[in-house]
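The values are calculated or read from the model by the stated rules, or taken from the named source; none is laboratory data. These numbers were taken from a predicted model, which means no experiment stands behind them. Cβ: placed from backbone, ideal geometry, glycine included. Neighbour counts: every protein chain shown. Quick note on the areas: whole protein, heavy atoms, side chains included, nothing else; ligands and nucleic acids left out. Shrake-Rupley method; radii C 1.70, N 1.55, O 1.52, S 1.80 Å.
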Amino acid sequence: MTAQLIKGADVAREIRAELKQEITELKEKHNLVPGLVTVLVGADPASQVYVGQKEKTAQELGIYSERHDLPEATTQEDLLALIDRLNKDPKIHGILVQLPLPKHLNETEVLYTIDPKKDVDGFHPVSIGKLMIGEPDFLPCTPHGIQQLLIRTGVQIEGAEVVVVGRSNIVGKPIANMLLQKQKGANATVTICHTRTRDIASHTRRADILIVAAGKPKAITADMVKEGAVVIDVGVNQIGTTDSGKRILCGDVDFDAVKEKASAITPVPGGVGPMTITMLMMNTVRAARVAAGLA
Ligand SMILES: NC(=O)c1ccc[n+]([C@@H]2O[C@H](COP(=O)([O-])OP(=O)(O)OC[C@H]3O[C@@H](n4cnc5c(N)ncnc54)[C@H](OP(=O)(O)O)[C@@H]3O)[C@@H](O)[C@H]2O)c1
């Protein structure tokens, strides 16, 4: 079997078109413009690219966008004071602090200072707690993107054996929790694997849906995958550079071999990646609706 490609770029485009329409209507009917602020500390090149992409996407969709680029030497006190101002700013519905922060800053304290009503990254403990009990305000963007990819490509999630490889707070744990909920687009039986799991392959081979977020190039080989499984590869690993200096990326799944066994698979790049920013925009629109009493 050669797997169907799950193209995140296409699904993301579809969702963005829906969001653009919704944003136009919010403006016309309610004079409401969703507002997103990005805060970047330091000059990390990858973070600059990510923030630039978020700003550009927001502008394309008609979201009010503000960007604060702070110097590397910014103090914790100054950063918290900025977040406090943004928490109170009625134009701003979503606050995104680009991670990682420089080492001298306390990331946890910064994330906890964001008003949970503006937590469009979905990393605040209030957001995570609400996700756990099945009453989410803001779902973290990458797991939400994965769930939307599954739903919109018609994958049967209800009753499926889902195996998640990786237990990070930003991907593994939240996607496992989301697919476990007693809700539409969920109701799966979920197993989470990590580096201390005995015989990982015995779990992955049972998976109808295998979600891999390990950050290890080609950690999942074809012999670890069941015939006909749906495989979602979250990993983004740089394995080299081209002569012209472009990064060569690969996922956590041995794509060429696994695609001959799976029924559907996400490519890297072009799979999960394009969904993440799109879900950030969705959260920003939701935050604006909630703030205006329109949710
Ligand atoms: N496309 C996107 O938008 C997007 C977004 C976020 C992340 N990513 C990518 O997704 C990958 C994972 O990111 P993350 O932040 O979740 O990573 P992370 O914080 O490094 O967590 C990796 C997890 O995978 C587990 N793990 C590592 N190697 C393993 C192996 N060989 N077998 C089983 N489990 C293994 C680790 O187990 P332990 O807990 O036991 O150490 C850990 O729980 C990275 O490549 C990252 O770049 C992509």
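As a calculated quantity, the FRET efficiency between ASN87 and GLN183 at R0 = 25 Å, using C-beta atoms, amounts to about 0.25.
Under a 1.4 angstrom probe, counting protein chains only, how are MET132, MET224 ranked by accessible area, largest first?
Reading off the accessible areas and sorting them downward yields MET132, MET224.
Counting charges near LYS56 (Lys, Arg +1; Asp, Glu -1) among other residues having Cβ under 13 Å from its Cβ returns a value of +1. Spin-label model, ASP10 to LEU80: label points 7 Å out along the Cα-to-beta-carbon direction sit 4.9 nm apart. The listed residues SER244, SER263 rank as SER244, SER263 when sorted by accessible area, largest first, using a 1.4 Å probe. Using only the C-alpha atoms, the convex hull of the stretch 197-295 corresponds to 142 Å³ per residue. For the stretch 64-205, the C-alpha radius of gyration divided by 2.2 N^0.38 Å, with N the number of residues, is 1.23.
Based on DSSP H runs of at least 4 residues, each adding -39500 (n - 2.57), what is the mean residue ellipticity at 222 nm of the chain after dividing by all its residues, to the nearest 500 deg cm²/dmol? Helix contribution divided over all residues of the chain: -12000 deg cm²/dmol. Assuming charge only on the beta carbon of Lys and Arg (+1) and of Asp and Glu (-1), the dipole of the chain about its Cα centre is about 460 debye to the nearest 20.
In the assembled protein chains, ARG289 presents an accessible area of approximately 70 Å² (probe radius 1.4 Å). Overall, the accessible surface of the chain at a probe of 1.4 angstrom is composed of carbon and sulfur to the extent of 53 percent.
Simple point charges give the picture: +1 on the Cβ of Lys and Arg, -1 on the Cβ of Asp and Glu, and for the stretch 109-235 a dipole about the Cα centre of about 220 debye. In the context of the full protein assembly, THR24 retains an accessible surface of approximately 60 Å², using a probe radius of 1.4 Å and ignoring ligands and nucleic acids. For the chain, modelled as a GNM whose springs connect Cα atoms under 10 angstrom apart, the maximal fluctuation among LYS259, LYS20, LYS56 occurs at LYS56. Solvent exposure of the stretch 1-130 amounts to 52 Å² per residue of accessible area, where only protein heavy atoms count and the probe is 1.4 Å. Classify the stretch 25-67 as rounded, prolate or oblate from the Cα gyration tensor: take a ≥ b ≥ c as the square roots of its eigenvalues, call it rounded if a/c is under 1.5, otherwise prolate when a/b beats b/c and oblate if not. Prolate is the answer for the stretch 25-67, as a/c is 1.5 or above and a/b outweighs b/c.
For the stretch 1-120, the square roots of the Cα gyration tensor eigenvalues, ordered a ≥ b ≥ c, give a/c of at least 1.5 with a/b no greater than b/c, which places it in the oblate category. Taking R0 as 30 Å, what FRET efficiency do you get between THR241 and LEU70 from their Cβ-Cβ distance, rounded to the nearest 0.05? For THR241 and LEU70, the calculated efficiency is 0.55.
By the rule of a C-alpha distance below 13 Å, with chain neighbours fewer than 8 residues away ignored, the aspartates and glutamates paired with LYS218 are ASP233, ASP252, ASP254, ASP256. Whole-Hz Karplus values for the stretch 53-67 come out as 5, 5, 4, 4, 4, 4, 5, 4, 8, x, 8, 5, 10, 10, 10 Hz, taken residue by residue from phi with 6.51 cos²θ - 1.76 cosθ + 1.60 and θ = phi - 60°; glycine and proline positions read x. In terms of accessible area, using a 1.4 Å probe and ignoring ligands and nucleic acids, GLU28, GLU161, GLU109 rank largest first as GLU28, GLU109, GLU161. Full extension of the chain between GLU227 and GLN53 gives 59.0 nm of extra length, using 0.36 nm per residue less the Cα-Cα distance. In the distance distribution for the chain, Cα-Cα pairs more than 33 Å apart total 25 percent.
Taking 27 Å as the limit for the C-alpha separation, the pairs LYS20/LYS173; LYS27/LYS118; LYS56/LYS173; LYS173/LYS226; LYS20/LYS216 exceed it in the case of LYS20/LYS173; LYS56/LYS173; LYS20/LYS216. Across the chain, Cα pairs under 8 Å and at least six residues apart give a relative contact order of 22 percent. Mean-square fluctuations from a GNM of the chain, with a 10 angstrom spring cutoff on Cα atoms, peak among PRO90, PRO125, PRO217 at PRO90.
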